[in-house]
Amino acid sequence: MDVMAMRTFVAVADAGQFQEAATGLSITPQAVSKRVAALERELGVQLFTRDARGARLTIDGQAFLPHARTFLHSAERAVASVRPGHRALRIDVIGRQLSLAGLLRGFHRAHPEVELDVVTLFDSDTAITAVRDGTIDATFRAVTMPGRQLPSGVEATSIFDEPLHLFTGPRHEFANAPALTPAQLAGRRIWMPGNLPGTEWTAYYDELATTFGITIDSVGPDFGIEPLLDTIAGSTTLATFVSEQTPLVWPAGHDLRRIPLKDPIPLYPTR
């Protein structure tokens, strides 16, 4: 539909007069009449009746008015979405349920006036390219892996280096350990079905596994965090890695354990 015709219709409905609507739109009353008439022809109904007091909405006009307002609001948001300085900030994160979710919630509480458009791209290369091209405004990724070269115009700054925890069920051999060293996990199976080839987090965990002789098992369908927690809770051999600040909630009967790693502390670098 013609946005200007819709805007003119709403202006007449609000003003109650074609003349006053024309003044507010900075056009002639004849132009207002033409726009309204064109809209009425498109809809096949009469939107206004005129009398000595001005323009009154017909029954059809009354029914159409709230939808016209919604249409104009959507059109304004569409334009604002690509207008620098007015559109929402487009932010890429690895996952919406990871520790970065808390960081974004904290930002929103501190700056409620700033609208965020949060997306999840495939990997850091895709995200960095999107930052370079202006498709997104920022990304939170481990972009400082060995050999990483950022393109011209893209900068990275450290946000936090997050300690890793071993995550087990209550019957796992390490379930009651107050802390573990990475060397104690040598030969153990760490189940991470969400690890995808070609992603920066998979490269990080592969390097961690190689350094300490750990087996990272990514076999199996990735059905999300809840099925992962269910499986870990019932297993005596499966464990996984989670970051220290990853927000997780599970049924009380699962009795899951988060065990800090130390000497050295593996840190996941977020930039």
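The values are calculated or read from the model by the stated rules, or taken from the named source; none is laboratory data. Here the structure is a predicted model, which means the values were calculated and not measured. Every residue, glycine as well, gets a Cβ built from its backbone with ideal geometry; the counts of neighbours run over all protein chains shown.
Going through Arg69, Arg87 one at a time, which residue ends up being closer than 17 Å to Phe9 by Cα and surrounded by 10 or more Cβ atoms within 10 Å (Cβ to Cβ)?
Details: Arg87 fails: closer than 17 Å to Phe9 by Cα.
That would be Arg69, the only listed residue that is closer than 17 Å to Phe9 by Cα and surrounded by 10 or more Cβ atoms within 10 Å (Cβ to Cβ).
In segment 90-103, the residues that are in contact (Cβ under 8 Å) with a residue 24 or more places away in the chain reach residues that are of a type in the set (Asp, Glu) with C-beta atoms within less than 8 angstrom, at least six apart or across chains, in these pairs: Arg90/Asp117; Arg90/Asp137; Ile91/Asp117; Ile91/Asp137; Ser99/Glu162; Ser99/Glu244. Could we say that Ala38 is part of a helix (DSSP H, G or I), of a type in the set (A, V, I, L, M, F, W, C) and free of Cβ contacts under 8 Å to residues at least 24 places away in the same chain here? No: the conditions fail for Ala38. Among the residues of segment 187-221, those that are β-branched (Val, Ile, Thr) and part of a helix (DSSP H, G or I) comprise Thr202, Thr210, Thr211. Kindly check whether there is at least one residue in segment 228-244 that is polar (S, T, N, Q) and closer than 25 Å to Phe160 by Cα. For segment 228-244, residues polar (S, T, N, Q) and closer than 25 Å to Phe160 by Cα: present. Checking each residue in segment 251-271 for being touching a residue at least 24 places away in the same chain (Cβ under 8 Å) and either charged (D, E, K, R) or farther than 19 Å from Thr202 by Cβ (or both) picks out His254, Asp255, Leu256, Arg257, Arg258, Ile259, Pro260, Lys262, Asp263, Pro264, Ile265, Arg271.
Within segment 27-53, the set of residues being over 13 Å from Phe9 (Cα atoms) and crowded, with 16+ Cβ neighbours inside 10 Å comprises just one member, Ile27.
When Phe122 is tested against (1) of a type in the set (Phe, Trp, Tyr); (2) under 23 Å from Val249 (Cα atoms); (3) part of a loop (DSSP other than H, G, I, E, B), just one condition goes unmet, and that condition is (2). On inspection, Arg132 does not qualify as farther than 16 Å from Pro260 by Cα, surrounded by fewer than 17 Cβ atoms within 10 Å (Cβ to Cβ) and modelled with pLDDT of 95 or more.
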